[in-house]
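Below is one structure, written out as C-alpha cells, with a few remarks after it.
The values are calculated or read from the model by the stated rules, or taken from the named source; none is laboratory data. Keep in mind that what you see is a predicted model, and the values were worked out from it rather than measured. Cβ placement follows ideal geometry from the backbone for every residue including glycine, while neighbour counts extend to all protein chains displayed.
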Amino acid sequence: MKRLILNSLAMLVLMTAILGLLYPLATTGLAQLLFPAQANGSLVSRDGKAVGSRLIGQSFTEPKYFWGRPSATAPMANNGASSTPSNQGPTNPALTDAARQRIDALRAADPGNAAPVPVELVTASGSGLDPEISPAAAQYQLARVAKARGLEPAKVQQLVARFTSGRQFGVLGEPRVNVLQLNLALDALAKQ
Amino acid sequence: MTTNDFIQVAVFLVVLLLLIKPVGSYMAQVFADAPNRVTRFGAPVERLLYRLCGIRADEDMGWRRYAIAMLVFNMLGLLAVYLLQRVQQWLPLNPQHFGAVTPDSAINTAISFASNTNWQGYGGESTMSYLTQMLGLAVQNFLSAATGIAVLVAVVRGFSRRSSLSIGNFWVDLTRSTLYILLPFSLILSLLLVSQGVVQNLKPYVDVPLTQHITQVEQLKDADGNPLKDAKGNPLTKESPATVQTLPMGPAASQIAIKQLGTNGGGFFNANSAHPYENPTPFANFLEMLAIFLIPGGLCYSFGVLVGDRRQGWAILATMLLIFVPLAIGAVAAEQAGNPALHGLGVDQQASALQSGGNMEGKETRFGIAASGLFTAITTAASCGAVNNAHDSLTPLGGLVPMWLMQLGEVIFGGVGSGLYGMLAFAVVAVFIAGLMVGRTPEYLGKKIEAHEMKMASLAVLIPCALVVVGTAVAVMAPAGVAGVANPGAHGFSEILYAVTSASNNNGSAFGGLSANTPFWNVLTGLCMFIARFPLAIAMLAMAGSLAAKRHVPPSAGTLPTHTPLFVTLLACVVIVVGALTFLPALALGPIAEFLISAH
C-alpha cells in the first residue's frame, strides 16, 4: 500500500508538471507566436490605445449609438470581470417585466417606430457580454441612429454592412453585426 | 425549425461520423496489447515516466489491484486540488489576488473535477488564480478523463481476454490515455480555438475606457454581507458612473480544449462556452461540439476493434445515435418555437434571413438557435456539462431534453470512457432480458452473463437513478435546499431536479439560477458526484474481473447476435425504459408542468 501511494504521488507530480505547466506554457508560447492578436483578447484600438475588444460587448443606451444585447451582469451591464446570464426561466414574470422595460426604453428612444422589436434586443445574452446583434436588430435601430446623428440612412447602412458577418463558411451559426466596432466607426465618422 | 437548423445538425453528424473510424482505430492501437507504431513512438517517454515513478509497467493487475490503484491515484488528485484552492492566496500566478476558497466550496470543486463532473459552484474569473486553474483544475481535466478511458479499456479486456486473472495495468492505461490521446488532441484543438479568438496568455486583466459611460448599480450590504433593504423591503442600492470595462485574460484555450475533449465541462469563465473569450465564433462552437463527441464516439469503434468484431462497436454507436438524434432535433425545435410569454408584447420571435428568432433569452447572437440547441443536447448526452447558452432559460421542453439525456445515465456517448462502460452495463442487462425471453443463459461477446455480472451491471445502472431520486427528495424537503431556488413555480423544482441529476450523472451543467455555492448544496452535490463516479467504476471493474476469468463460449444457433438492428432496438428500449420509468413522475412535476402552464 505504501508503495502504491508513492507510485501515485510520483505520477501525480510528473503529470502535473506535464499537463499543468508544460502544456499550458507551450500552448501559450505557440499561441503568442502564431495568433498574438487573438491570444491577447482581440483588442480594438483607437488612436493607438485599446478601447475594447471585438469580442466583448459594451453597453450603449444613447439614441446615437446602436444598442447591443441586454446584459444581466452586475453591478453594471457588460461587466467583463463577471460574466453571467439572467438565468430567468421562461415562465418567470421577472423575464416578461424585463422584456417590457427594454421595449419601452427602445420605443422611448425612437418615438414613432412601432415595428415589432427583434427578440435579441429584449432578451439578455448567455454571457452578458454578447458583442453582436442580428442584422434584423441593426435594421430596427438604423433610422434612429441616422436621425440622432443627422446622417443619411444610406451612409449608416453602409457602415452596418461593413461590420456584418454572414454564417461562417455559409452554414455555421447566424449572421451578425458587431456593435462596438460599428459604434466606433460612427464616432470616427462624426469626428471627420 | 428552419432549413438551416436542420443543415447545421446534419453537418455536425456527417463530420462526426467521418471522424469516428480514424480516431477510433488510432485509439485502438494505443491500447493494443502488442507493440505497434503508435506505442513504439512514445516508448522512451513512457519508460522514463514509469522509471521515475517506480512503476513496473509489465505488471498485469487483477481487478482489485487495478481498482485500488485507480482509487488511490484519484483520491490524491482530489486532495491536491483541495489544498491548492485553500492556499492559492500565498502562491504565485494570482494577478487578481484572489483569496482562499471556502472549505465546503473547495471540497465540492475537488470532487467535481476529480470525478469528471466539473460542476461549478464558483465563478472562474472571480475565484480561481491562474495557478489553481492550471495546476489543479486543468490537470484533473486530463486525469479524470484518462481514468475514465483506463477503466473502459480494462472493462473491454474483461470481454476480450479468456481465462485470465488480470485486466491490464492501470498506470500504463492512464499514461497512454493522457500522452497519446488527450494531450496531442488538446494541443491541436487549443491552437485552433486561439485562431478563432479564445485568449491564451498569462497577463493580468486589461482595463479599457468605455465608449459610452454608463451607470453601475451596487446593492448595499451590511457588515455581514446581507443585502440592506428599505422600509418597503426593496433592496437599497447606490448608483455611480462606470467608465471602465475590465477584460478578463488568462490561459483559457489550453484549458477549454481539454474541458471539451475530456467531457469535463468546467468553464474557464463563469459563462462557460457562452463567453465570447471561451467560444468566440460559430466555427469555434462547432469544434467544441465535435470535441465533446469525438473521443466517446471514437471509443465505440476502438471497442469493436479490441473485442475483434467491429460490428459490435458500430451497433453501440447506432444505439447512441438512435436516441441522440431525435432528442437533439427536439431541443432545437422547442427553442426555435420561442417563448409564448413574449408573444403579446410586440416582440418579433420569427426566424428570417435577418435573425434566428426563437427563444433568445440566455443565448448568444452568433450561435442563434441551432448552434445553441444542438450544443445543449450534445453536452448533456455526453457527460460534458459545458454550456453555450443558459439552460435555466430554455423553454420547458427545451429544458426537458438535457435533463432527460442526463437521466438516461450518461450512456448516450456519455463521459470519455465512462459513457461506453455505462452503455456496456446496459448491454449486459439487455442480453439478460433477451435471455429471459427465450430461457437461455445470456451471453455477450462470447462470455456467459451470470449472477455476479448481472449484480454489477444492475448496480452501475441503478446507482445514478437512486442518487437522483433520493437526492432530489432530500433537497426539496430541506429548507436549505429550497433556499437556493431562483425561479418561481414548477421551474424552481426543475432547478433542483436538474442540479441533482447533473451531479449524480457526473455531467456538471446546471440550471444556473440555483444558488448552489452554499454548504448544503456543496455537500449534497459533492456526495452525489463522488458516489456516481467511483463506486460505479469499481462495480464495472469487478464485472470485468469476473468476465476475464471466464472461458470463451463460441456462438451457437441459440446465441442472440448483438450487432443486428434488432439488438440495437432492444438496447435503446432498455435505456429508454429505465430512464422513463424512473424519472417520468419527477419530470411531470417540473418541465412538463411548466410546459402545460406556459402553453395555456
Worksheet item: In region B:554-600, what residues are surrounded by 14 or more Cβ atoms within 10 Å (Cβ to Cβ), β-branched (Val, Ile, Thr) and assigned to a loop (DSSP other than H, G, I, E, B)?
Response: B:559, B:562
Worksheet entry | Single residue of A:21, A:43, A:33 found to be surrounded by fewer than 20 Cβ atoms within 10 Å (Cβ to Cβ), closer than 30 Å to residue B:46 by Cα and facing another protein chain (nearest Cβ under 8 Å) | A:21
Worksheet, complete the sentence: Selection from region B:27-53 of residues without any contact (Cβ under 8 Å) to a residue 24 or more places away in the chain and either basic (Lys, Arg) or within 30 Å of residue B:536 (Cβ to Cβ) (or both) yields B:29, B:33, B:37, B:40, B:47, B:51
Item to complete: For region A:120-134, state whether one or more residues are free of Cβ contacts under 8 Å to residues at least 40 places away in the same chain and either surrounded by 17 or more Cβ atoms within 10 Å (Cβ to Cβ) or among the acidic types (Asp, Glu) (or both).
Response: no
Item to complete: Return the total of residues in region B:485-515 being away from chain A (no Cβ under 12 Å) and at negative phi.
Response: 11
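Give the residues of region B:160-190 that are under 30 Å from residue A:35 (Cβ atoms) and either among the polar types (S, T, N, Q) or within 11 Å of another protein chain (Cβ to nearest Cβ) (or both), sorted by residue number.
Correct list: B:177, B:178, B:179, B:182, B:183, B:184, B:186, B:187, B:188, B:189, B:190.
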Item to complete: Test each condition in (1) out of contact with any strand residue (DSSP E or B) (no Cβ under 9 Å at 6 or more places or on another chain); (2) within 14 Å of chain A (Cβ to nearest Cβ); (3) farther than 22 Å from residue B:573 by Cβ for residue B:446 and report the one that comes out false.
Response: (2)
Discussion item. Would you confirm whether or not region B:114-126 contains a residue that is on the phi < 0 side of the Ramachandran plot, in contact (Cβ under 8 Å) with a residue 12 or more places away in the chain, more than 13 Å from chain A (Cβ to nearest Cβ) and out of contact with any Gly (no Cβ under 7 Å at 6 or more places or on another chain)?
Written reply: yes
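Limited to region B:46-90, what total is found for residues that are part of a helix (DSSP H, G or I) and of a type in the set (Asp, Glu)?
1
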Worksheet entry | Given (1) within 30 Å of residue B:31 (Cα to Cα); (2) modelled with pLDDT of 95 or more, index of the condition residue B:83 fails | (1)
Item to complete: Say whether the condition of being in a loop (DSSP other than H, G, I, E, B), in contact (Cβ under 8 Å) with a residue 24 or more places away in the chain and in contact with a strand residue (DSSP E or B) (Cβ under 6 Å, 6 or more places away or on another chain) is met by at least one residue in region B:393-403.
Response: no
Worksheet item: Listed residues A:75, A:90; which is within 7 Å of another protein chain (Cβ to nearest Cβ), over 12 Å from the mean Cα position of the chain (by Cα) and closer than 24 Å to residue B:493 by Cβ?
Response: A:90
Practice prompt. Test residue A:191 against the criterion of being farther than 18 Å from residue A:42 by Cβ and touching a helix residue (DSSP H, G or I) at 6+ places or on another chain (Cβ under 9 Å), and give yes or no.
Written response: no
Discussion item. Here's a check for you: in region B:1-55, which residue that is over 29 Å from residue B:288 (Cβ atoms) and acidic (Asp, Glu) is farthest from the other protein chains (Cβ to nearest Cβ)?
Written reply: B:33
Worksheet, complete the sentence: Matching residues in region A:46-72 (acidic (Asp, Glu) and more than 7 Å from every other protein chain (Cβ to nearest Cβ)) number 1
Worksheet item: Out of curiosity, is residue B:346 crowded, with 18+ Cβ neighbours inside 10 Å, within 8 Å of chain A (Cβ to nearest Cβ) and either over 30 Å from residue B:421 (Cβ atoms) or β-branched (Val, Ile, Thr) (or both)?
Response: no
Worksheet item: With respect to residue B:317, is the statement that it is surrounded by fewer than 19 Cβ atoms within 10 Å (Cβ to Cβ) and in contact (Cβ under 8 Å) with a residue 12 or more places away in the chain true?
Response: no
